[in-house]
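Right, one structure below, let's go through it.
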Amino acid sequence: MSNDTRPYEKEKLQPVRVFVRREVAMATFLFWNLGERRLEPVLRRLTARHQIDVLMLAECAIPEDSMLDALNAEQLPADNRVKA
């Protein structure tokens, strides 16, 4: 007789495969040399369509207030400007 007096049989454990989908959050950057052109509507549509997180503009003739008004017209989160 065996020393095992348990009233149940040993369960055979089977390995279980668990697949985890990992998504990496990445910031989206847009750099554009505007060449002194005023392209507020284009920038508004572009930043909204591609969900731009950081917008960097060179040779930008658009006043800061006008740019922020244009970007916020799409009801995006509050924008912050980092002074160069």
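Rule-based calculations on the coordinates, nothing more; no lab input. Because the structure is a prediction, the values reported are computed rather than measured. Here the Cβ is made from the backbone with ideal geometry for all residues, glycine too, and neighbour counts use every protein chain on show.
For the range 29-72, just say rounded, prolate or oblate: build the C-alpha gyration tensor, square-root its eigenvalues into a ≥ b ≥ c, call rounded for a/c under 1.5, and beyond that prolate if a/b exceeds b/c, oblate if not. Walk me through the numbers before you get to the answer.
Details: a/c = 1.73, a/b = 1.24, b/c = 1.40.
Cα axes put the range 29-72 in the oblate bin.
Across the range 47-64, rounded Karplus estimates of 3J(HN,Hα) from the backbone phi angles (6.51 cos²θ - 1.76 cosθ + 1.60, θ = phi - 60°) give 5, 6, 5, 9, 6, 5, 8, 10, 10, 10, 10, 10, 6, 8, 9, 7, x, 4 Hz, Gly and Pro being marked x. The charge dipole of the range 29-72, taken about its Cα centre with unit charges on the Cβ atoms of Lys, Arg (+1), Asp and Glu (-1) only, comes to about 260 debye.
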